[in-house]
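Heads up, the thing below is written out as structure tokens.
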Amino acid sequence: MTKTYRTRKRTVEALAPITLTLKPDEFTTIIGTSGCGKSTLLHIVAGLEQPSGGRVEIKGTPVVGPGRDRGMVFQSYTLFPWLHVQANVEFALRDTPLSKKERSDRAREYLDLVGIADFGTAMPAQLSGGMRQRVAIARALSYRPSVLLMDEPFGALDAQTRQEMQELLLQVWEAHRLNVLFVTHDIDEAIFLSDRIIMLTGRPGRVKLDVRPQIPRPRTVDVLTSPEMMTQKAELLTALREESQHRWRPQ
Ligand code: ADP
Ligand code: MG
């Protein structure tokens, strides 16, 4: 697919032609410099943006808009501030065939999964950033999507909380093995989490690197200092540096 944004004043080619096939149980991360089209790619998969050319298919079905086969977690908190935690998750299940009782049980099941079962009646404003993202993850998983889309979900968190959330996400993922498409500009985060890392070039984004970190699972924080981690990091850092240098070179 491709994506070009056209406004009255200018045309921005955000994504050059990109073809990607994701495996159902893999954790894939898109990485690249700021403005290279990562969010654009994710929004197209989410059905929030239309591609200018080409298409996205999930299990053979073309994406025409947002749907429950894809769960989404973005960086900015997207909880309804006037609903308590449990109600925020239940709201995501409103149009499903589930009964009220089933919705409530399902919400509790996923809040438990992300470790915040005791906060069902808390309001979003009472929660820390990390806790809110836990709710967002519980909500996205509650309707059991086949793909989980995450756009820099931990970008606004402090380093310690961010690490905790990465570990939590890995635990959840290792238990459920759904297809995750994750976006970050943090190389450590990408390697720690992913089976596969796709680096985009500077705008317009095209695939620059497609690598599979050779780090066994289950992963713990110990892998962050392993030789495999360092080797993978060196390769990605070099590639990323090339792209940021291109960006500043005069046209
Ligand atoms: P990233 O997430 O990698 O930082 P984005 O996908 O947000 O990058 O943006 C890619 C490019 O497309 C940027 O140059 C951005 O300014 C441009 N862009 C993104 N959204 C729009 C839009 N709605 N209209 C016009 N240009 C846009
Ligand atoms: Mg972005």
- Query: Can you name the condition, by its number, that Gly155 falls short on among (1) within 14 Å of the chain's Cα centre (by Cα); (2) buried (at least 17 other Cβ atoms within 10 Å of the Cβ)?
  - Reply: (2)
- Task: Filter segment 1-57 down to residues that are among the small types (Gly, Ala, Ser) and assigned to a helix (DSSP H, G or I) and give me whichever is surrounded by the fewest Cβ atoms within 10 Å (Cβ to Cβ).
- Result: Ser39
- Out of the residues in segment 137-146 that are closer than 17 Å to Leu42 by Cβ and surrounded by fewer than 19 Cβ atoms within 10 Å (Cβ to Cβ), which is nearest to ligand 2 (Cβ to nearest atom)? Pro145
- Can you spot a residue in segment 81-97 that is surrounded by 15 or more Cβ atoms within 10 Å (Cβ to Cβ), without any contact (Cβ under 8 Å) to a residue 60 or more places away in the chain, away from ligand 2 (no atom under 16 Å from the Cβ) and of a type in the set (Ser, Thr, Tyr)? no
- Filter segment 34-53 down to residues that are within 30 Å of Arg241 (Cβ to Cβ) and in contact with a Ser or Thr (Cβ under 7 Å, 6 or more places away or on another chain) and give me whichever is nearest to ligand 1 (Cβ to nearest atom). Cys36
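Taking Leu200 as the residue in question, decide whether it is away from ligand 1 (no atom under 16 Å from the Cβ), at pLDDT 95 or above and buried (at least 19 other Cβ atoms within 10 Å of the Cβ).
When the stated conditions are applied, Leu200 does not pass them.
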- Task: Considering each residue of segment 174-186, count those that are assigned to a helix (DSSP H, G or I) and either at pLDDT 95 or above or not assigned by TED's automatic domain parsing to the domain that holds Val223 (or both), and give that number.
- Result: 0
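The values are calculated or read from the model by the stated rules, or taken from the named source; none is laboratory data. Computed from a predicted model, the values in this text were never measured in an experiment. In this analysis, Cβ positions are derived from the backbone assuming ideal geometry, glycine residues included, and neighbour counts consider all displayed protein chains.
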